[in-house]
Ligand SMILES: O=C(O)CCC(=O)C(=O)O
Ligand SMILES: [Fe+2]
């Protein structure tokens, strides 16, 4: 929605374009949009990487100019790509589609974690006061931001590297800053909701999303972080979406956790999709299945539809993502999604 749509060209050879349709690559085969973007970025500026369809194995890579797309095509088409898990990419030039928003792009947006029905997601509203929100925003705004292509970030505790989607374990940046201490202490509130894991945290990523900017689908790297991922929303709200792909192994029991709804079968989709509204000052926790087996992302929209109400994103959103860096290999129960167990 709101994004240009590109498709696979029909027929044989297609005219050159700055946009590539790339098959055999995507989140369903363990390659995040950030990793794909960093690989294609070697050939010129990548404006965006988008799902080409709902399979999770085909993406559209949009360059800012045609010559970069040509170089990427020449270097990567039909050859195993070591930086993309040795996968052999099938690349064609893509054409802009005239499709309008399709019904299946719309998903009901839940307001609470119990409505959402993604096991392991918890949401607490008003986790911080308006005053605390102002102080947290002032604290990060007085510190240097690091510019990414579409948003700004700050890292504390350990630096997160977007190219590898991992942390540099040997480079500890020091303790978490004191302005976040009250929040780190308060996360123990989630224990009253039935979450029994170790709540100590030593890594903070602050993300600042300008209006309309979102985040590509990903699972936080298992080997990088422990089992709890907290995300505090400040300033503007957002909708966070979740997808669980049906892997070959899970197809037979795919509906066991989500017995009201199987994988979306429209247009060949092979995932279940859910969405939740995250208001400012709310704290989200991803644990268990939600943390390890569901992709999460924020659609790039300037306008969101929440239970029949159209909500215009009027301000930036700043999030504090708090995690604990993992000290050994991940031993989760979801080996098909786990980089430590592959
Ligand atoms: O902005 C958010 O709430 C989520 C950020 C996130 O998913 C991440 O940094 O991995
Ligand atoms: Fe994440």
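Would you confirm, using the coordinates I've provided, whether residue 53 is surrounded by fewer than 19 Cβ atoms within 10 Å (Cβ to Cβ), within 17 Å of residue 299 (Cβ to Cβ) and either outside the structural domain of residue 213 (by TED's automatic domain parsing) or at pLDDT 90 or above (or both)?
It is true that residue 53 is surrounded by fewer than 19 Cβ atoms within 10 Å (Cβ to Cβ), within 17 Å of residue 299 (Cβ to Cβ) and either outside the structural domain of residue 213 (by TED's automatic domain parsing) or at pLDDT 90 or above (or both).
Would you check which residues across segment 211-237 are modelled with pLDDT under 95 and more than 16 Å from ligand 2 (Cβ to nearest atom) and list them?
Listed by number, the residues that qualify are 211, 212, 236, 237.
Out of 284, 322, which single residue is within 16 Å of ligand 1 (Cβ to nearest atom), crowded, with 19+ Cβ neighbours inside 10 Å and under 12 Å from residue 233 (Cβ atoms)?
None of the others qualify; the one that does is 284.
Residues that are under 20 Å from the mean Cα position of the chain (by Cα) and either within 16 Å of ligand 2 (Cβ to nearest atom) or within 23 Å of residue 50 (Cβ to Cβ) (or both), at least 2 per element: which strands (runs of 3 or more DSSP E) completely within segment 293-342 meet that?
Answer list for segment 293-342: 295-298, 303-306, 317-323.
Which of (1) out of contact with any helix residue (DSSP H, G or I) (no Cβ under 6 Å at 6 or more places or on another chain); (2) in contact (Cβ under 8 Å) with a residue 12 or more places away in the chain; (3) farther than 19 Å from residue 284 by Cα is the odd one out, the single condition residue 163 does not satisfy?
(1)
Test of understanding: among 206, 130, 140, which residue is at pLDDT 95 or above and either in contact with a helix residue (DSSP H, G or I) (Cβ under 7 Å, 6 or more places away or on another chain) or farther than 15 Å from residue 233 by Cα (or both)?
Of 206, 130, 140, the one residue that is at pLDDT 95 or above and either in contact with a helix residue (DSSP H, G or I) (Cβ under 7 Å, 6 or more places away or on another chain) or farther than 15 Å from residue 233 by Cα (or both) is 206.
List, please: which pairs have Cβ atoms under 6 Å, are six or more places apart or on different chains, and start with a residue in segment 169-193 that is free of Cβ contacts under 8 Å to residues at least 60 places away in the same chain and end with one that is assigned to a helix (DSSP H, G or I) and surrounded by 14 or more Cβ atoms within 10 Å (Cβ to Cβ)?
Filtered contacts from segment 169-193: 179/139.
With the requirement that a residue be in contact with a strand residue (DSSP E or B) (Cβ under 6 Å, 6 or more places away or on another chain) and within 22 Å of residue 29 (Cα to Cα), what does segment 276-292 give you?
Across segment 276-292, the qualifying residues are 286, 290, 291.
Quick one: in segment 231-240, which of the residues that are more than 9 Å from ligand 1 (Cβ to nearest atom) and surrounded by 21 or more Cβ atoms within 10 Å (Cβ to Cβ) is nearest to residue 290 (Cα to Cα)?
Taking the candidates together, the pick is 239.
Within segment 168-188, identify whether any single residue is within 16 Å of ligand 2 (Cβ to nearest atom) and closer than 28 Å to residue 37 by Cβ, and answer yes or no.
There is no residue in segment 168-188 that is within 16 Å of ligand 2 (Cβ to nearest atom) and closer than 28 Å to residue 37 by Cβ.
The values are calculated or read from the model by the stated rules, or taken from the named source; none is laboratory data. Owing to the predicted nature of the structure, the values given are computational and were not obtained by experimental measurement. No Cβ is skipped: glycine too gets one built from the backbone with ideal geometry, and neighbour counts run over all protein chains shown.
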